[in-house]
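We did not get these values from a lab; they are worked out from the coordinates using the rules stated. Quick caveat, the model's predicted, so the values are computed rather than measured. Cβ placement follows ideal geometry from the backbone for every residue including glycine, while neighbour counts extend to all protein chains displayed.
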Amino acid sequence: MSDIKFEIVKKIGVLSKSEKGWAKELNLVSWNDREPKYDIRSWSPDGQKMGKGITISVEELTALKEILMKIDM
């Protein structure tokens, strides 16, 4: 299995932190030198290891925003 290349282009925000220091974050990330996409996943305190997550385009993020705006919390 080849290494995955990534670059966190922009840190947008931290959603939560675990007791071990891992942070679930929303970031703009470029994977394997591709166009950056929005990404939600957990990152180790040093930012070198990651957990499973979801990567979405700006169109998908816009649709998610519209859905979240309709939720009555």
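Quick notes on this structure:
- Residue 56-residue 32 pseudo-label distance in nm [points 7 Å out on the Cα-to-Cβ vector]: 2.3
- Between the amide H of residue 6 and those of 32, distances stay under 5 Å, these residues lying 5 or more places away or on another chain, with hydrogens modeled in the peptide plane.
- Cross-link pairs 11/52; 17/49; 10/49; 5/70; 20/65 - those with Cα-Cα distance over 26 Å: 5/70; 20/65
- Helix 58-70 axis, angle to the chain major axis (alpha carbon atoms, nearest 10°): 40
- Using just its DSSP H runs of length 4 or more, each adding -39500 (n - 2.57), the chain gives a mean residue ellipticity at 222 nm of -5500 deg cm²/dmol after division by all residues.
- Convex hull of alpha carbon positions in the chain: directionally averaged projected area 6.1 nm².
- Once the chain from residue 64 to residue 15 is taken as fully extended at 0.36 nm per residue, the excess over their C-alpha distance is 16.1 nm.
- Table column - 3J(HN,Hα) (Hz), the range 41-47, Karplus curve with 6.51, -1.76, 1.60, x for Gly and Pro: 6, 8, 10, 5, x, 8, x
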